[in-house]
Amino acid sequence: MPLALVYAVLHASLPRLDGRMAAPALGAAVLIERDALGIPTVQAANRADLAYGTGFVHGQDRFFQMDLSRRLAAGELAELFGTVALEQDEKARLFRFRHVAAAVLEEATPEQRELVAAYTRGVNAALASLHSRPWEYWLLGAAPAAWRAEDTVLVSYAMWWDLQYGGFERERVKREINARLSGPECAPGWKCALRYFYPPRTLWDSPNGMPAAAAAGASALVSPAMPPLAPQPLARDLPAHTGAAGSNNWALAGRLTTSGAALVASDMHLSLRVPAVWYRARLRTVSAQAPGLDLNGLTLPGAPFLVAGSNGHVAWGFTNSYGKWLDLQLLECQSVSDAELRTHDGSVPLTSAREQIRVRGAPSVWLTIKTGSAGLLIQAQPEQGRCWFGRWLALSSQATNFNLQSLETATSVAEVLSLAPTIGIPHQNAIVGDRAGHIAWTIFGRIPLESGPARLQGQGPWTSAAQQPHLIDPASGRLWTANARPIDDEHDEAILGGDEAATGAGYALGARARQIRDDLAALRQRATPADMLRVQLDDRAVFLSRWRTLILELLDTAALRGHPRRAQFRDLVAGWNARASVDSVGYRLVREFRDHTERAVWRMSLHAFAITDAAEPPEQFEQALWELVSSRPPEKLAADYGSWRELLLGQIDESIVALTERCGELIHCTWGTRQTVRIRHPLSGALPYLARLLDMPALELPGDHDMPRVQDGAFGASERFAVSPGEEAQGYLHIAGGQSGHPLSPYYRAGFDAWAAGEPLPFLPGSVQHRLLLQAPTR
């Protein structure tokens, strides 16, 4: 296609930003104003028309992104992309989320259904208003399918998928380990046996409510003597961190802030892509009949609600909450049919459903989905005698709803806490603050009271406001979460973790949370939003400091004799700047050694139980890892090594080899060259000649995953904000990309540079650059 024609096609799909446009579905006019970054202020006379306007701007700027979200959750990507997406569709279609979404919609209140319907009409009106179909569909040779009300629910299920689906693999590894663990002190079951790999407490823990000095160690591993390891190829290029989804958020009470209102900060960590995950917006209603809404912050394209930000009375932000939200069970099986699973002890009845996956350019694929008393059959391997069954709260229509909307009119922290257990979203640590200076932590997400086998059936009973874990107005005036254990209360931990509470419930290590806690405690004057940004950008290497000390101790005179490359390695480590800065060589060397050591010890430990296909080690393994490399028990060492010192020096040598292969010389191995951030459009890989047009600029950015400034390749802060409710004009907010999904729009990259540099952008939209009036019919 000639370049001029490509440009003409792309340009024709740009949305209209000014003038007047008829909107027959509206009850009253909707005004859409955009500032210099393309951030819209949508103003309507009532909530339904506001939902229409929100759908309209989402449809103008982000329709393709919305389409991918609904298709991801529904398992319908292959219909657009062909066989390349079939494997992903087969994984997602197992859960039949489109069917569950229809049930969620049916169970919503009439008012909620009307809002979703109005939003849907707005999306489709925006699609119809374009002079040409969205540009992505021209490149794909496809036509966009109209938005449906149930698609808004599917967008929520795409978030369930992003935030929780990975837990199935973590559960599989746990079950694999448990199947091979034994010991008299673990007689009650797998909880005790797994504490070595998944300790319920770590030295890094700093939950809200725990004294700073409190900490607990890991249990000792009951294991056989370590056999020799099977030969493995040298890991030349360790992958970037691919651990669980994470985020930071915290709040300071009004007595600690300059405004006297609570100060809430949030940076949600996700895989970064083009366009950005979030869409900034100001959503307002102006009416003589009712108090107006003034919602500012982040929306999710595909849904008509404010996800995080401020309503002028309360502000809130999220981090992903880990707990017993899904489970995986291994059953012995000899054969599997549509109606039954055969075991040595007899048969287990199954029910089956058929799903058609449409594949572009190829015949449709039919998927048979089987369910038994143990849940959904996720993987059948009868030739190996193994069948995996899963349960997930996401499969219950009662666990997902539109009650996040109730935050729009909340006026106090106490009111938000009363609403929290009714909000049906993927479970989140919510930090909330209000104008009066109160702060609280709780869980947004429906939590079953049951902690046993019936917990994940999704039929309730669910926690009440009194039972929902929460903490309000702590004496310190500070609350924080960073995916680690959020609270030091065994009862609340049991509600969150169920029977997983004894093995850490999948929590993050806690190093990031501790550094945030200490940063907040170090503030000596009343805090401002600028202070919060400094915490979000903290890239000090607190977590890796002890690993640096270990390297310097290992590389003593004897270790350096005859090893000039070790000597250079030591000098570079000794001269580090103690930050994950782009120019730091020492930081990269320490991280490389620590990661090599973790993988070697993890593989060695699992090998003792004949587990050869385990995934990445859990973050909590750091506790056991450090205990092993510090105490160096000979019975835990594989027979391949003469001593722990030999193993550890070997990891230094492997790190040197790997880094030299990648960098030529160690001195050139800066952290930035490993951490180059490439935020890409989903089509750019297939269209390399358009990659420069579609992708964000590739940059070297500071940060890592065990410190407040999280950046690990294209995984990091999807947004950063800090705001006091009622003081929005003093807050800041930036996202990892522009507002528009159209590469010819001036708003495609607007704001990206500020995010990359860590520079604040105003929380509120700026002066009006464009004004579009959606006109209702004359009644």
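Solvent-accessible surface (1.4 Å probe) assigned to Ser767 amounts to roughly 80 Å². In order along the stretch 129-141, the phi-based Karplus estimate (6.51 cos²θ - 1.76 cosθ + 1.60, θ = phi - 60°) of 3J(HN,Hα) comes to 6, 6, 6, 8, 4, x, 4, 4, 6, 5, 5, 8, x Hz; Gly and Pro are listed as x. Its Cα centre serving as origin, the stretch 1-91 has a Cβ charge dipole (Lys and Arg +1, Asp and Glu -1) of approximately 280 debye.
Applying 0.36 nm per residue to the separation of Asp489 and Glu114 and subtracting their alpha-carbon distance, the gain on full extension is 130.9 nm. Pairs of Cα atoms in the stretch 242-342 fall into 5 Å distance bins, from 0 up to the last occupied one, in shares of 2, 9, 12, 15, 14, 12, 9, 7, 6, 4, 4, 3, 2, 0 percent.
Ranked by the mean number of other Cβ atoms within 10 Å of their residues, highest first, the peptides 541-548, 438-445, 322-329 fall in the order 438-445, 322-329, 541-548. Here the 3J(HN,Hα) profile of the stretch 271-283, calculated from phi with Karplus coefficients 6.51, -1.76 and 1.60 at θ = phi - 60°, is 5, 8, 8, 10, x, 4, 4, 9, 10, 6, 6, 10, 10 Hz, Gly and Pro shown as x. With Rh defined as the Kirkwood radius, the inverse of the mean 1/r over Cα pairs, the Rg/Rh of the stretch 293-343 is 1.41.
Counting Lys +1, Arg +1, Asp -1, Glu -1, what net charge surrounds Leu533 among other residues with beta carbon under 12 Å of its beta carbon? So the environment of Leu533 carries a net charge of -2. Relative contact order for the stretch 331-447: 16 percent, from Cα pairs under 8 Å spaced at least 6 residues apart, divided by residue count. Based on protein heavy atoms only, the chain ends up with 37 Å² per residue of surface accessible to a 1.4 Å probe.
Computed from phi, the 3J(HN,Hα) profile of the stretch 38-49 under the Karplus parametrisation 6.51, -1.76, 1.60 (θ = phi - 60°) reads x, 6, x, 9, 9, 10, 9, 8, 8, 5, 5, 5 Hz, with x in place of Gly and Pro. Would you please classify the overall shape of the stretch 603-700 from the alpha carbon gyration tensor, given that a ≥ b ≥ c denote the square roots of the eigenvalues, rounded means a/c under 1.5, and beyond that prolate means a/b larger than b/c while oblate covers the rest? Note, shape of the stretch 603-700 comes out prolate.
Simple point charges give the picture: +1 on the Cβ of Lys and Arg, -1 on the Cβ of Asp and Glu, and for the chain a dipole about the Cα centre of about 1000 debye.
Residue-normalised convex hull volume from the C-alpha trace of the stretch 71-118: 65 Å³ per residue.
Note on the chain: lysine pairs with Cα distance below 22 Å, sequence gap of 8 or more or different chains, count 8. Per residue, the chain reaches -9500 deg cm²/dmol at 222 nm when only DSSP H runs of four or more residues are counted, each adding -39500 (n - 2.57). Using the Cβ-Cβ distance between Ala146 and Arg678 with R0 set to 41 Å, the FRET efficiency from 1/(1 + (r/R0)^6) comes to roughly 0.80. Take 565-574, 290-299 and order them by the average number of nearby Cβ atoms within 10 Å per residue, most first; the result is 290-299, 565-574. Taking a cut-off of 39 Å, what percent of all Cα-Cα pairs in the chain are separated by more than that? The proportion of pairs with Cα distances above 39 Å equals 38 percent. Label positions at Ala729 and Leu690, each projected 7 Å from the Cα along the C-beta direction, are separated by 4.3 nm.
With each label modelled as a point 7 angstrom along the Cα→C-beta vector, the Glu106-Ala414 pair spans 4.0 nm. For Leu701, the residues whose amide H sits under 5 Å from its own are Val677, ignoring neighbours fewer than 5 places away on the same chain, with H placed 1.01 Å from N. A crude spin-label estimate for the pair Ala578 and Leu5, with each label 7 Å from Cα along the Cβ direction, gives 6.3 nm.
Taking amide hydrogens as placed 1.01 Å from N in the peptide plane, the amide H of Asp695 sits under 5 Å from those of His681, each at least 5 positions away in sequence or on another chain.
Size of the stretch 423-536: Rg and Dmax of its alpha carbons, in Å, are 15.8, 50. The stretch 747-779 and the stretch 309-348 have their alpha-carbon centroids 40 Å apart. Full extension of the chain between Gln775 and Gln398 gives 132.0 nm of extra length, using 0.36 nm per residue less the Cα-Cα distance.
Scaled to the globular estimate 2.2 N^0.38 Å, the Cα spread of the stretch 88-146, given as radius of gyration, is 1.48. If I take R0 = 22 Å and measure r between the Cβ atoms of Arg565 and Ser631 in this structure, what FRET efficiency does the formula 1/(1 + (r/R0)^6) give, to the nearest 0.05? Calculated transfer efficiency: 0.15. Highest average first, the peptides 358-368, 87-97 ordered by how many other beta carbon atoms sit within 10 Å of their residues are 87-97, 358-368. For the pair the stretch 90-129 / the stretch 528-591, the C-alpha centres are spaced 50 Å from each other. Rolling a 1.4 angstrom probe over the chain with all protein chains present gives an accessible area of which 53% lies on carbon and sulfur atoms. Here the ratio of the Cα radius of gyration of the stretch 1-92 to 2.2 N^0.38 Å is 1.43. Net charge in the neighbourhood of Leu772 (other residues with Cβ under 11 Å of its Cβ; Lys, Arg +1, Asp, Glu -1) is +2.
Overall, the stretch 683-779 carries a charge dipole of about 600 debye about its Cα centre when +1 sits on the Cβ of Lys and Arg and -1 on the Cβ of Asp and Glu, all other atoms neutral. Rounded to whole Å, the principal axis extents of the Cα atoms in the stretch 531-652 read 49, 39, 23, largest first. Extension gain, Gln334 to Ile472: 0.36 nm times the residue separation minus the Cα-Cα distance gives 44.4 nm.
The values are calculated or read from the model by the stated rules, or taken from the named source; none is laboratory data. Keep in mind that what you see is a predicted model, and the values were worked out from it rather than measured. Counting neighbours? That spans all protein chains shown, and the Cβs are built from the backbone with ideal geometry, glycine included. Please note that ligands, DNA and RNA were not included when accessible areas were found on the heavy atoms of the full protein model with its side chains. Shrake-Rupley method; radii C 1.70, N 1.55, O 1.52, S 1.80 Å.
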